[in-house]
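Notes follow the structure.
The values are calculated or read from the model by the stated rules, or taken from the named source; none is laboratory data. What you see is a predicted model; the values in this text were computed from it and never measured. Neighbour counts are summed over all protein chains in view; Cβ atoms, including those assigned to glycine, are modelled from backbone coordinates with ideal geometry.
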Amino acid sequence: MSEHVTKQGLDLRAVIAVLGQQRRLVLTFLGAVVVAALATSVLVQKQYRAVAVVQLMPRAGQEVEVDQVVKHDQGGYLEARDRARTQIQIILSRRVREQVIQRYSELGGDDLDLSESAQEAFARSLSVTPREDTELVEIAVLNPDPKAAARLANLVADVYSETNLQLRTTDAREAKVWLGGQTTDYKSALDDATQRTMAFKQANDLVDVDEKVNGITARLSALQVAAGQATTQRVLIESKLAEHRRLVAQGATDVLAGSFQDPALDTMVRQRATIVTDSADVLSRYGDQHPEHVRAVDRIQRVDAMIAEEVKRNVAEERSQVDTLRRQEQQLKNELGRVKAELLVRQQLQGQYRELLADQQRARALYDTLGERGAEVELLARTQLNDVRIVDRAVPPTRPAKPNIPLNLGMAVCVGLAGGVGLALLRNRLVEPILSGADAERLLDVPLLGVIPSLPAGKDATSRDLYGFEHPRSLEAETFRAIRGAIQASGGKGAPRRLLITSCLADEGKSLAAVGIAAAFAQLGLRVLLVDADLHIPRQHQVFGVQRAPGLTDLPDDDGSSPSPVVPTKVPRLHLLPSGTKVALPNEFLSSEDLVARLARVQQGYDLIVYDTPPTAIITDALALVSQADGVILVVRRGVAPRRVIVQTLARLGRVGASLMGVVVNDVPLPRSAYGSRYYHDQDPAPSPAAS
C-alpha cells in the first residue's frame with residue numbers, strides 16, 4: 001500500500017506536497033505524452049467518415065400474431081428497442097456485407113473484394129448506431145477516400161432496404177397461406193362454440209336467464225322480510241302471553257282486565273266499578289248488614305267471575321295466535337329454503353351459460369382478428385410496403401474523422417497527468433519519506449522523542465493545538481506526556497531549561513508541538529514561558545486568543561520598570577510571550593545581542609522556556625536562537641519533508657552547535673482501539689482556567 005493511503009483514507013496534503021516537489025517530473029512526463037500524441041495524430045493515415053440515415057418505421061409487418069402480443073410497456077418502447085437492435089445486427093450481417101462489396105466492385109471500386117480479410121476490414125470500418133429517442137439509425141463507413149466512404153454507406157443503406165423489403169414480401173406470402181388455414185380452423189371453432197351455447201340455452205330454458213334470476217332474488221328478499229316480521233311478532237306475543245299466564249296463575253285477573261282490547265271485558269269492568277260505587281254508598285249509610293249492600297257484594301262476585309272467565313278466554317286466544325304465528329314462520333322458512341335452492345340452480349346455470357358465451361366471443365374475436373390480418377397481409381403482398389426508409393444519403397465528408405487531434409490531445413493530457421502523478425509518487429517512494437516513528441529512527445539516526453497522533457477531523461487550528469490540554473485523558477494528551485518524559489530522560493542530570501522547537505518545512509506542526517510540550521510541563525507544576533519566535537507567520541496569539549502585540553519584538557530595554565508583554569493563558573502556570581509588532585528583518589532582530597539581554601530579564605522566575613521558531617529548511621531564524629536553547633527538537637510531519645531535506649536540516653543545526661535532543665513525528669495515524677477506549681477517550685471536561 002502506498003504511504004499516502006492510510007486506514008483513515010487518502011492523505012491529500014501529503015500527496016500535494018509530493019507533487020509540489022516533483023512538479024518538474026510531472027510536467028516533463030506530461031509534455032512527452034502530449035508530443036507523442038501530436039506526432040502520432042499527424043503521421044497516421046486520415047480516415048473519412050460518411051453517414052447515411054435510415055428510418056425504421058412502426059412495423060406494419062407483424063403479419064401473424066399467435067394468440068396475443070405481450071407488450072412490456074404502454075408505449076411499446078421495449079418492443080421498438082429490441083426491434084432496432086435486431087435490425088442493426090441484420091445491417092452488420094455477412095449477407096448484407098457481401099452484397100455491398102459485390103455492388104461496390106461492379107461500380108469500379110477496387111480496394112475491396114470478397115476475400116475473408118477484406119470482409120473483416122470492411123466490417124471494422126462499418127458502424128451502425130441508433131439515434132436516441134428516435135426511429136433513425138445512422139450507417140457510418142470509415143475510408144481513406146471520402147467518395148468511397150459515401151458510396152459504401154449508401155450501398156449499405158440500399159442493400160439493407162431492398163433485403164428488408166424482400167424478406168417482408170416473402171413473409172407476407174407465407175403468412176397468407178398460413179392465415180388461410182388458420183381462418184378455416186377458427187371458423188369451425190366459432191361454429192362449435194355457437195352451437196354449444198344455443199343448445200345449453202334451449203335445454204335449460206335460459207331465454208331470459210337474467211330476468212328470472214332477478215325475479216327469484218326479489219322473491220327471496222320479500223320472503224326474508226316477511227319471515228323477519230313474523231318472528232318479531234311471535235316473540236312479542238309470546239312475551240305478553242308469559243306475563244299474562246303468570247298473573248292468571250296468581251289470580252290477578254282484575255289487573256289483566258285493562259290489558260286486552262275487548263269491548264265486553266271493558267263493559268264488565270265499568271259495570272263492576274258502578275256496583276262498587278253504589279255498594280260503598282250503602283255501606284257508608286246503613287252498614288254492611290243492609291240488604292242492598294249484601295246484594296251489591298253478591299253482584300260484584302258474579303261480575304268478578306265473569307271478568308276472570310273473559311280474561312282466561314283472551315289469554316287462550318293469545319296462545320292460539322302464537323301457535324298460528326309459529327306455523328306461518330315455519331311455512332316462510334320452508335319457502336325460503338325452496339327459493340334459495342331454485343336461485344342457486346339458476347345462478348349455476350347462468351354461470352355456465354356465461355362461460356359458454358365467453359368462449360363464443362373469444363372464438364369470434366380471434367376469427368375477426370385473423371380476417372383483418374389476412375386483409376393486411378393481402379394488401380402488403382400486393383403493394384410491397386417497406387418499413388425502412390432512407391432519410392439522408394451519405395455525402396463525401398470534407399474533414400477527416402480520424403485522427404481526432406483535439407480528442408487525442410485531451411486524452412494525452414489526462415494520461416500524462418495520471419502517469420506524471422504516478423511517477424512522482426513512485427519517485428517519492430524511492431527517496432523514503434518519514435511515515436512513522438520507526439522510519440525516523442531507521443532513516444535519520446537520531447533519537448525519537450515520540451509521535452503525535454492525527455487529531456480528530458473538523459477541528460480548527462486553535463482547538464487542534466489545545467486538544468491535548470482540553471482532553472487530558474485522550475490519546476493525544478498521553479503522547480505529549482510521553483514526549484515530556486523522553487525530554488526529561490534525555491537531559492542527563494535533569495530536563496533542559498530552554499527548549500527550541502522547529503521544523504524543516506511549513507505546516508509540519510511545530511507550533512502544535514510547542515503548545516503541547518509546554519502544557520505538559522506546566523501540568524507537572526512548573527512555571528513555563530512559551531515564546532512565539534516565529535516572526536514571519538506567528539500563531540500562538542491566535543491559539544490562546546490574545547493580542548499579537550506587545551510581545552517579543554516589544555520587550556523593554558530597562559531594568560523591568562516597564563510593563564511586561566508576557567500574558568497568562570488558560571493553561572495554569574503557562575505564560576505566553578507573543579511575537580509582537582512586525583519587524584522588517586526578523587533574522588537580524590533575533591541575532592542581536594540586545595535581544596539576549598532582554599530575554600534573560602523576562603525569563604527570570606520560570607522553570608522552562610519553550611521557543612516556537614520558523615521552519616529551519618526555509619529560513620535561518622531558528623539558527624539565530626540556537627545559542628539561547630539547551631536543547632533543540634525537530635518536528636517532522638508524516639510524508640511531507642523528504643528524507644534528504646530532513647538530513648540537510650539536521651546537518652545545518654549541527655553546524656551551528658545546536659544540542660539536538662531528537663525528533664517528534666507529527667500526524668501519525670494511530671488505531672485508537674489498539675490502546676483501549678477505557679483508558680483513552682475524549683469526554684473529559686477541560687480544566688477550568690486559572691491565573692498563575
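Tabulated data
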item: Those residues of the range 296-343 which are among the acidic types (Asp, Glu) and either surrounded by fewer than 17 Cβ atoms within 10 Å (Cβ to Cβ) or closer than 18 Å to ALA252 by Cα (or both), in sequence order; result: ASP298, ASP304, GLU309, GLU310, GLU317, GLU318, ASP323, GLU335, GLU342
item: Residues of the range 338-354 that turn out to be among the aromatic types (Phe, Trp, Tyr) and at pLDDT 80 or above, as a count; result: 0
item: Scan of the range 253-265 for residues that are loosely packed, with under 14 Cβ neighbours inside 10 Å and not β-branched (Val, Ile, Thr), ordered by number; result: GLY258, GLN261, PRO263, ALA264
item: Restricting the range 544-572 to residues that are among the hydrophobic types (A, V, I, L, M, F, W, C) and surrounded by fewer than 24 Cβ atoms within 10 Å (Cβ to Cβ), the residue that is farthest from the chain's Cα centre (by Cα); result: LEU555
item: Matching entry among ALA199, ALA257, ALA227 (being modelled with pLDDT of 80 or more and either closer than 30 Å to GLN347 by Cα or in a helix (DSSP H, G or I) (or both)); result: ALA227
item: Residue tally, condition of a type outside the set (A, V, I, L, M) and crowded, with 24+ Cβ neighbours inside 10 Å, over the range 494-508; result: 4
item: Count - residues of the range 616-632 that are among the β-branched types (Val, Ile, Thr) and either free of Cβ contacts under 8 Å to residues at least 60 places away in the same chain or not assigned by TED's automatic domain parsing to the domain that holds GLN603 (or both); result: 1
item: Among residues of the range 520-559, those that are touching a Gly at 6+ places or on another chain (Cβ under 7 Å) and of a type in the set (A, V, I, L, M, F, W, C), counted; result: 2
item: Residue match in the range 420-440 (condition: surrounded by fewer than 17 Cβ atoms within 10 Å (Cβ to Cβ) and under 24 Å from PRO144 (Cβ atoms)); result: no
item: Filtered residue count, the range 570-595, keeping only those that are assigned to a loop (DSSP other than H, G, I, E, B), under 16 Å from ASP612 (Cβ atoms) and touching a residue at least 60 places away in the same chain (Cβ under 8 Å); result: 1
item: Hits in the range 390-419 (condition: more than 29 Å from LEU27 (Cβ to Cβ), at pLDDT 80 or above and either surrounded by 13 or more Cβ atoms within 10 Å (Cβ to Cβ) or of a type in the set (A, V, I, L, M, F, W, C) (or both)); result: ILE390, VAL391, ASP392, ARG393, ALA394, VAL395, PRO396, PRO397, PRO400
item: All positions within the range 124-146 that are under 17 Å from ASP392 (Cβ atoms) and part of a helix (DSSP H, G or I); result: PRO146
item: Any pair with Cβ under 8 angstrom, 6 or more apart, that starts in the range 253-275 at a residue that is among the acidic types (Asp, Glu) and ends at one that is at pLDDT 75 or above and part of a helix (DSSP H, G or I); result: ASP254/ASP304; ASP254/ILE307; ASP262/GLU310; ASP262/ASN314
item: Residue match in the range 630-639 (condition: part of a strand (DSSP E or B) and more than 53 Å from the chain's Cα centre (by Cα)); result: yes
item: Residue within the range 38-45 that is modelled with pLDDT of 60 or more, more than 28 Å from ILE390 (Cα to Cα) and surrounded by 15 or more Cβ atoms within 10 Å (Cβ to Cβ) present; result: yes
